[in-house]
Structures are given as structure tokens and as C-alpha cells.
Amino acid sequence: MTLQLAKPAPPDDDKRWKMVEVTMRRSGYASHALIETLHRVQGLFGYLDEPAMNFVAESLGLPLSKVYGVATFYHLFSLKPQGKHTCVICTGTACYIKGARELVDGLRQKYGIELGQTTPDLELSAVGARCIGACGLAPAAVVDGEVLGNLTVDQLLARIEKVIHDAT
Amino acid sequence: MQLEELSELAAEIQESQQHCDHCVRVCMAAGCQSSGAKVVFDALSEKTAESEHVCVKGVGCMGLCAAGPLVEVTSRGQAPVMYQQVTEADAQEVVDSLGGAPVERLRCPSDMPFFTSQHKIVLENSGVIDPEQIKEYIAADGYRALVHAVTEMTPAEVLREVDVSGLRGRGGGGYPAGLKWSTVSKMPGGDKFVVCNGDEGDPGAFMDRAVLESDPHRVIEGMVLAGYAVGAAHGFIYVRAEYPLAVERLTKAIRDATKQGFLGQNICETRFSFDIEIRLGAGAFVCGEETALMASIEGRRGQPRPRPPYPAQSGLWGYSTLINNVETFANIPPIIRRGGAWFASIGTEKSKGTKVFALAGRIRNTGLIEVPMGITLRDIVFTIGGGVPEGSQFKAVQTGGPSGGCLPEEFLDLPVDYDTLRQAGSIMGSGGMIVMDQTSSMVDVARYFMEFCMDESCGKCVPCRAGTHQMHALLDKIAQGHGSVKDLALLEELCEVVRAMSLCGLGQTAPNPVLSTLQHFRMEYVAKLQEHALPDGGPPASERSATPPAESQETTS
Ligand SMILES: Cc1cc2nc3c(=O)[nH]c(=O)nc-3n(C[C@H](O)[C@H](O)[C@H](O)COP(=O)(O)O)c2cc1C
Ligand code: FES
């Protein structure tokens with residue numbers, strides 16, 4: 001006799017859940033697809049909230065605690081909504097030696113956020129990364145996907161200003 | 001596919017490449033991209049779109065990131081010309097020069113020691129071929145080793161070549177690859193797995209990323225050869241999610257290799273089958289540790305477990321698993337193609353072959369280099385790296401990242417090999433090499449690495465979780481000038497405890513940056529102690545006489 005489990009329903013009728021389901025189906029709803037699935041959810045929705053984690057847990061037949069445990073273990077997963085724009089500052093060794101800390105200070109002074117935080121108006125998230133592979137051009141940062149090297153604080157802030165301004 | 005067919009195919013591709021008289025290669029690796037390689041590539045492509053005799057290619061890392069964006073022009077029958085710091089505005093001039101005299105203004109001297117002192121094995125195709133075209137890899141002798149091995153060699157013969165080569169793991173530990181492979185091959189049947197560790201955790205290094213992005217097929221070929229040698233049918237490549245381009249290139253490479261019959265069912269029409277899946281990390285340094293990495297592949301929190309059992313005995317889902325680093329696998333195809341003895345002829349007695357380093361920090365020629373084992377640190381820093389920039393004074397070179405150490409000037413004549421570096425108080429590590437000058441305080445550097453380890457400790461074992469916190473607090477206190485001699489003694493004691501008691505390599509090696517800076521730059525710590533505080537609340541520094549307190553003299557002697 002096979003036990004027929006009812007397929008859990010997505011948290012709402014957002015079409016993006018279909019794509020999440022595709023990811024899970026591809027691995028036969030195996031529990032080892034958890035990290036892949038969370039990547040997918042975060043890629044589509046920007047972060048992982050409780051309904052999302054609940055849905056993934058039920059679909060993969062895992063307790064919510066497991067899903068929460070994994071989501072909080074890995075730095076890349078975020079349980080809070082992210083800003084419209086992201087500034088990733090490299091805090092790897094090469095960038096540190098060449099003054100990444102000043103970039104972080106500059107960002108704090110202007111936007112009042114530390115690495116890992118988002119401005120209250122959800123415009124900008126600051127993220128720390130360990131080596132983005134541009135050590136030759138340290139200090140480096142990535143603003144909305146664009147890698148910037150040999151940066152000064154002023155250049156970084158000007159660039160952020162520009163992406164925020166251009167979008168509005 | 002047989003070897004002759006592959007040779008024919010390679011010859012065919014080579015011939016089709018002959019059609020273009022001028023091949024313009026633009027480095028599209030992260031370093032050059034951050035200095036604007038993309039617009040240069042677009043401008044060059046646009047300006048040559050009409051011409052049948054010119055092909056513009058985006059290639060992987062050319063090495064000299066400091067001078068990016070780099071462009072290399074190879075005209076038929078002429079030596080290649082490299083251009084540096086090319087901008088969009090220079091594109092027209094470069095195009096106009098094709099077939100005539102090179103643009104001297106932009107020229108990057110290719111006879112500089114940075115290029116001539118290197119020995120490329122792992123990076124032989126990097127910056128040369130288009131990583132997204134399997135044809136280009138095949139034309140450069142790619143998949144030759146694989147076809148040769150599965151059609152004409154026994155698994156034991158493949159194993160023997162790897163053993164004879166003396167190749168040691170490039171992920172940091174330096175464990176002999178041949179020994180690990182033969183342990184896995186001897187495990188009784190059933191499923192076995194081959195895992196490629198592409199987590200590259202060292203926060204100042206990008207060797208594996210460069211290999212994966214510049215020449216992904218090489219890693220795939222190495223893994224298939226490993227699968228054949230040890231009797232495994234499934235492989236996983238674990239890549240950091242922070243490397244989206246590497247993931248994209250690998251995905252395409254796996255698809256193309258499967259289409260060509262180098263991967264999948266019945267490889268080259270033999271009974272051997274092997275497939276590869278990509279798994280993404282999610283930003284946890286500890287996942288570079290092999291047991292944590294396997295937990296992560298299984299979809300769990302990436303926490304290490306005690307060894308033994310080693311992955312070779314009980315790995316993924318309890319099956320015997322071979323796990324090696326990206327660069328280790330990248331060395332395999334040339335070893336099989338040219339023989340283990342050839343590889344063993346390069347390097348030192350105990351460390352064979354070459355090593356890729358990411359050279360950065362206070363040094364002129366920052367970038368990616370590959371050098372024979374046994375070269376001195378001085379040659380790397382001063383000959384290849386061009387020394388420290390004007391106005392700087394060399395102070396230390398850091399290798400091994402958060403598990404490694406800092407070596408001062410006196411140690412620069414040491415040959416680079418696993419054992420000498422360890423004896424000197426540092427490690428070879430996975431290949432990050434950061435040069436520091438007088439502006440870096442060694443206490444600060446130690447604190448930086450300790451902060452890293454504290455953040456990245458997975459929290460499973462107490463010595464690492466609590467120890468890194470306490471060590472960081474002590475370092476912070478000392479760095480701020482509030483530390484006492486007792487604090488320094490406590491720090492040293494903690495280093496020993498954490499090193500001896502931690503569960504995995506993260507904790508066991510976390511004290512290394514502290515220990516090595518204490519060994520070689522102890523005066524910097526002591527100077528900080530004397531700055532503001534005396535042991536047990538003595539008078540502040542400003543009221544003190546020039547003679548240091550007796551207690552601190554004792555600890556320095
Ligand atoms: C904390 C920690 C981090 C590690 N990070 C990496 C890494 O990023 N890449 C890697 O190849 N090996 C890493 N290792 C080493 C692996 O555990 C393992 O030894 C290695 O992948 C084996 O491959 P190899 O023999 O080819 O070097 C790490 C080890 C520890 C303890
Ligand atoms: S350390 Fe910042 S890019 Fe490598």
C-alpha cells in the first residue's frame with residue numbers, strides 16, 4: 001500500500017511558487033534538495049519568510065526546524081526583505097589591507113547601515129563578502145552587480161547615489 | 001570515441017581556427033571586469049564585426065590583474081602582443097594596428113619576469129581559450145587524457161600515474177593524491193562518489209575561481225579520470241554561490257561534455273559511466289572542510305564531524321568518497337597525458353609540480369601566477385611580483401589565509417614547499433599570498449583573521465566557538481593598547497588550548513595567524529602593551545619612564 005500525501009499548497013497564488021516547485025520536483029522532492037530550493041526561493045522573492053520556509057518544509061517532508069536551521073546557518077540566506085539596491089563590500093584580506101574598512105565607515109556615515117543591514121526605506125542593503133576575486137584591484141565592491149575596483153569612499157558613495165537616483 | 005577520432009576532431013578544429021588572421025583575446029575575469037573589460041570587449045567586437053579575418057574572444061584570467069583590462073593580439077606568424085589598461089577609446093587604434101605595427105603606447109612587455117618566470121600547467125589554457133567553447137579545449141589537447149585512459153588504460157594504471165606524479169592536494173592539507181585515490185579504490189564495491197571542493201574559503205584568494213571560470217573542462221576531465229580510477233559513477237562539484245559565473249560556465253561545460261560523450265552513460269562507448277552534479281554553497285567558510293562540505297551536499301547544516309571515519313571510508317550518505325580540491329583535479333589531465341614521471345620532474349623532492357598563487361596586497365604586480373614548487377618567496381614577491389610599490393617597505397608575506405601565517409623578510413629565501421613553509425610557522429595553504437608593508441600592524445592582522453574565524457566558527461564544539469571569541473577579545477584589547485602582559489600570556493595559552501582541542505581544522509588552525517605573528521613580530525605586541533597600560537593597573541604610558549616594566553622583558557626574552 002502506498003501512502004498518498006496531499007501536495008502542500010503554496011502560501012499564495014504567486015506564479016513564482018511554480019518555479020520553486022519545478023526545482024523541488026527535479027530532485028524528486030528529496031530532502032537533500034533543501035539548499036537548492038532555498039536558493040531558488042531567495043532568488044525569486046529576495047528573502048525567506050516563515051510561510052515560504054513552511055511550504056518548503058512540507059513539500060520536502062522535513063520539519064520546519066530543519067529548514068529554519070539550514071536557513072540561519074548559511075550567511076547568504078536572509079530572513080528579512082532586502083533593499084532595492086545592494087552594495088557588496090569585499091572584506092577579504094587583500095581589500096582589508098588596502099582599506100576596505102574606510103568604505104564600510106563611509107557607508108555607515110552616509111546611510112547609517114552596517115554590513116548585513118538594510119536602510120529603513122528598503123532602498124539599499126549593505127552586504128559583506130570575503131573576496132570577490134578582484135584582489136588585484138583592492139579595495140573592491142559590487143554595486144548592483146557591477147564590480148568596482150581601486151575604490152575610494154567618494155567613488156563608492158557616488159556610484160550608490162547614481163544607481164539609486166537612476167532608478168527613481 | 002577512440003584516440004584517433006579525437007585527434008582528427010582536434011585537427012579539424014585547429015584548422016577551422018586558421019581562418020582568422022588576427023585573434024584578439026580580451027580578459028574577462030573578475031579583475032579585468034572591475035576595470036572595465038566588458039566595454040572594451042564590446043567595442044572591439046563591434047569594430048571588427050564586419051571583418052572575417054579577425055576574431056575577438058572573451059577569455060579567462062591572463063594573470064596580471066594590476067594592469068587590466070588586458071588584451072592580447074595574436075597575428076598569424078607573429079609573436080603575441082599584449083596590451084594593458086586598454087580603454088574603450090583605445091579600441092579603434094588596436095583594430096587599426098592589426099596587420100601593422102603594434103600600438104606601442106599600450107604595450108605590456110611580455111618579456112617581464114612576471115611572465116617569463118612562471119611555469120603554467122594548471123593555467124595553460126587560462127587566458128588563451130574561450131572557456132565556453134568545448135571545441136577550443138579539445139583543440140588544446142583537451143579530453144585526450146580521458147579518451148586515452150578509458151579506452152587504453154586500466155584503472156590501476158591511471159592510479160599508478162597519479163601516484164608516481166607525487167601530486168599532493170592543493171586545498172591546503174597537502175595530502176598525497178595517489179594515496180587518497182588508492183584508499184578509495186580499495187574500498188569494496190557499491191556506490192562511490194567523487195567530490196570536487198570548489199568552496200575556496202580563503203578570504204583573499206581566487207585561484208579555484210579562476211580555474212573554474214577560465215578552463216572548466218579541465219576540472220571535469222580530472223574528475224572523470226578520478227571516477228574511472230577509483231570506480232565511482234557519480235561526481236559532485238561544490239561551488240560557492242558567490243561565484244555565479246563559475247557556476248554558469250560549469251553548467252554549460254557539463255552539458256557540452258555530455259553531448260560529446262565525455263560524460264554520462266558509456267563514456268567513449270565503453271562500459272564506464274560517470275555523471276557530475278553541481279551543488280551550491282551558501283556562504284559558510286566551514287563548508288570548505290570536507291566533512292562539513294558533505295553535510296552541505298546532503299542538504300544539511302554544514303557542520304563538521306570527527307574523523308575517522310575519513311570520507312574515503314564513509315563519506316556522502318555513508319559511501320566511500322574521494323574529495324579533492326579544484327586545482328588538484330586540474331592537474332590530473334596533464335599528468336595522464338604526459339605521464340606521472342614528467343610531473344614529478346618539476347618541483348622539489350617532496351612537493352611536485354607547480355602551485356597557483358593569487359598575489360595581492362602591497363605589491364606591484366597583483367594577479368594570478370603559477371610557479372614551480374621550490375621557487376623562493378623572494379622570487380615570487382620581488383621578481384615576479386615586482387616588489388612593493390614606491391614608498392613602501394616590505395614587512396611580511398601572508399600565506400594560507402586564516403589558517404596560515406605571516407613570514408618576515410628573513411624567511412624570503414625559503415623555497416616554497418609544503419614542509420618548509422610549515423616549519424617556518426606558516427603553511428602553503430590553498431594559494432592566497434598577501435604582501436604587507438609598514439602600514440599594516442601585525443596585531444591588527446591577527447585580529448582580522450581571528451574575527452574571521454570567530455564569525456565563521458560553526459558553533460558545534462566549545463573550544464572553537466568560545467575560544468575564538470575570547471582570543472578575539474584579547475587581541476582587540478591589545479590592539480587598542482589596553483592589554484597587559486597577563487593578557488598576552490592568556491592569549492598564548494588559549495592558542496594552545498584551541499589548537500589542541502577543536503573538532504575540525506577551522507578551530508585547530510585558527511590560532512596560526514596569532515602564533516606566527518607572535519613568533520616573528522612579537523615586538524609589535526609588546527609595544528602595544530607598553531603603549532597605554534602596565535600590568536595590574538600601573539601608571540599610564542605617558543607617566544612612565546623609558547624602561548619597560550620587568551615583567552614584559554621576561555616575556556620577550
Ligand atoms: C576550515 C577549513 C576550510 C577549508 N576550506 C577548503 C577550501 O575552501 N577548499 C579546499 O579545497 N579545501 C578546503 N579545506 C580542506 C578540505 O577539508 C580537504 O582537505 C580538501 O578539500 C582535500 O582536497 P585536496 O587533498 O585535493 O587538497 C578546508 C579545511 C578546513 C579545515
Ligand atoms: S580580498 Fe577583496 S577581492 Fe579578494
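The values are calculated or read from the model by the stated rules, or taken from the named source; none is laboratory data. This structure is a prediction, so every number in the text was calculated from the model and none was measured. Here the Cβ is made from the backbone with ideal geometry for all residues, glycine too, and neighbour counts use every protein chain on show. Side chains are part of the model used for accessible areas, which takes the heavy atoms of the whole protein and leaves out ligands, DNA and RNA. Shrake-Rupley method; radii C 1.70, N 1.55, O 1.52, S 1.80 Å.
Considering only A:GLY46, A:ALA57, A:GLY28, and ranking their Cα positions along the charge dipole of the range A:16-73 that arises from unit charges at the beta-carbon of Lys, Arg, Asp and Glu, the one farthest toward the positive end is A:GLY28. Counting only DSSP beta bridges with both residues in the range A:85-167, the antiparallel share comes to about 55 percent.
Here's the picture: charge each Lys and Arg Cβ at +1 and each Asp and Glu Cβ at -1 in chain B, and of B:TYR238, B:VAL54, B:ILE121 the one pushed furthest to the positive end of that dipole is B:TYR238.
For chain A, the relative contact order is 17 percent, taking Cα pairs closer than 8 Å that sit 6 or more residues apart in sequence and dividing their mean separation by the residue count. Using C-alpha pairs under 8 Å with a sequence gap of at least 6, the mean separation divided by the residue count of the range B:19-110 gives a relative contact order of 33 percent. Qualifying trypsin sites (Lys or Arg not before Pro) in the range A:1-86, where qualification requires a DSSP coil assignment and no more than 16 other C-beta atoms within 10 Å, comprise A:LYS15. Placing a label point 7 Å from the Cα of A:ASP166 along the Cα-to-Cβ line, the residues of the range B:25-54 whose backbone N sits under 20 Å from it are B:30-44. Rolling a 1.4 Å probe across the protein heavy atoms gives chain B an accessible surface of 37 Å² per residue. Compute the Cα gyration tensor for the protein assembly as shown, then decide on rounded, prolate or oblate, letting a ≥ b ≥ c be the square roots of its eigenvalues: rounded whenever a/c is under 1.5, prolate when a/b is larger than b/c in the other cases, and oblate in all that remain. Verdict is rounded for the protein assembly as shown. Taking only protein heavy atoms and a 1.4 Å probe, the accessible area of the range B:199-258 is 57% carbon and sulfur.
Taking a ≥ b ≥ c as the square roots of the eigenvalues of the Cα gyration tensor of the range A:85-167, is the shape rounded (a/c under 1.5), prolate (a/b larger than b/c) or oblate?
prolate
For the protein assembly as shown, the antiparallel share of DSSP beta bridges with both residues in that region comes to about 50%. Taking the Cα centre of the range B:66-169 as reference, the dipole from Cβ charges on Lys and Arg (+1) and Asp and Glu (-1) amounts to some 220 debye. Carbon and sulfur together cover what percent of the accessible area of the range B:308-349 at a 1.4 Å probe radius? With neighbouring chains kept in place, the figure for the range B:308-349 is 51 percent. For chain B, the antiparallel share of DSSP beta bridges with both residues in that region comes to about 50%.
Excluding ligands, DNA and RNA and using a 1.4 Å probe, chains B and A jointly bury around 3400 Å² of accessible surface, summed across both partners. Shown is the FRET efficiency for A:ARG108 and B:ASP476, computed with R0 = 22 Å from the Cβ-Cβ distance and rounded to the nearest 0.05: 0.75. Our note on the geometry: Cα centres of the range B:275-310 and the range B:374-432, 30 Å apart. Checking the Cα-Cα distances for A:LYS110/B:LYS38; A:LYS18/A:LYS66; B:LYS120/B:LYS252; A:LYS98/B:LYS180 against a 28 Å cut-off, the pairs over it are A:LYS110/B:LYS38; A:LYS98/B:LYS180. For the range A:85-167, the Cβ-based charge dipole about the Cα centre amounts to some 320 debye (Lys, Arg positive; Asp, Glu negative; other atoms uncharged). For B:THR183 and B:LEU490, a Förster radius of 51 Å and the Cβ-Cβ distance give a FRET efficiency of 0.80, rounded to the nearest 0.05. The amide H of B:LYS192, built 1.01 Å from its N in the peptide plane, has B:ALA233, B:HIS234 as neighbours under 5 Å, considering only residues 5 or more places off or on other chains. Overall, the accessible surface of the range A:16-73 at a probe of 1.4 angstrom is composed of carbon and sulfur to the extent of 52 percent. Using a cutoff of 8 angstrom between alpha carbon atoms and counting only pairs six or more residues apart, the relative contact order for chain B works out to 13 percent. Would you work out if the range B:142-344 is rounded, prolate or oblate? Take a ≥ b ≥ c from the square roots of the eigenvalues of the alpha-carbon gyration tensor; rounded if a/c is under 1.5, else prolate when a/b is larger than b/c, oblate otherwise. In terms of gyration-tensor shape, rounded. Working note: Karplus 6.51/-1.76/1.60 with θ = phi - 60° gives the range A:130-142 the couplings 9, 6, 9, x, 10, 3, x, 10, 5, x, 10, 8, 10 Hz, where Gly and Pro are set to x.
Each label point was placed 7 Å from the Cα along the Cα-to-Cβ direction; for B:GLN519 and B:GLU390 their separation is 3.7 nm. Model label sites at B:GLU277 and B:GLU410, defined 7 Å from Cα along the beta-carbon direction, differ in position by 5.3 nm. Taking label points 7 Å from Cα along the Cα-to-Cβ direction, B:ASP96 and B:GLN133 give a separation of 2.8 nm. Taking a spot 7 Å from the Cα of A:THR152 along the direction of its beta carbon, which residues of the range A:104-135 have an amide N less than 15 Å from it? Counting only backbone N, you get A:106. From its DSSP helices (H runs of at least four residues, each -39,500 (n - 2.57)), the protein assembly as shown gives a residue-normalised ellipticity at 222 nm of -13000 deg cm²/dmol. Counting other Cβ atoms within 10 Å, which trypsin sites (Lys or Arg not before Pro) in the range B:55-126 have at most 16 and lie in a DSSP loop? Answer in residue order: B:ARG76.
Measuring heavy-atom accessible area with a 1.4 angstrom probe and counting protein chains only, the residues of the range A:61-77 that give up at least 50 Å² relative to the chain alone are A:PHE73, A:TYR74, A:HIS75, A:LEU76. Measuring r between the beta carbons of B:THR154 and B:MET501 and using R0 = 35 Å, the FRET efficiency lands at 0.20.
With +1 assigned to the C-beta of every Lys and Arg and -1 to the C-beta of every Asp and Glu, and no other charges, what is the dipole magnitude of the protein assembly as shown about the Cα centre in debye, to the nearest 20? It works out to roughly 1520 debye.
Add +1 for every Lys or Arg and -1 for every Asp or Glu among the other residues with Cβ under 14 Å from the Cβ of B:SER97, and state the total. Computed value for this residue: -3.
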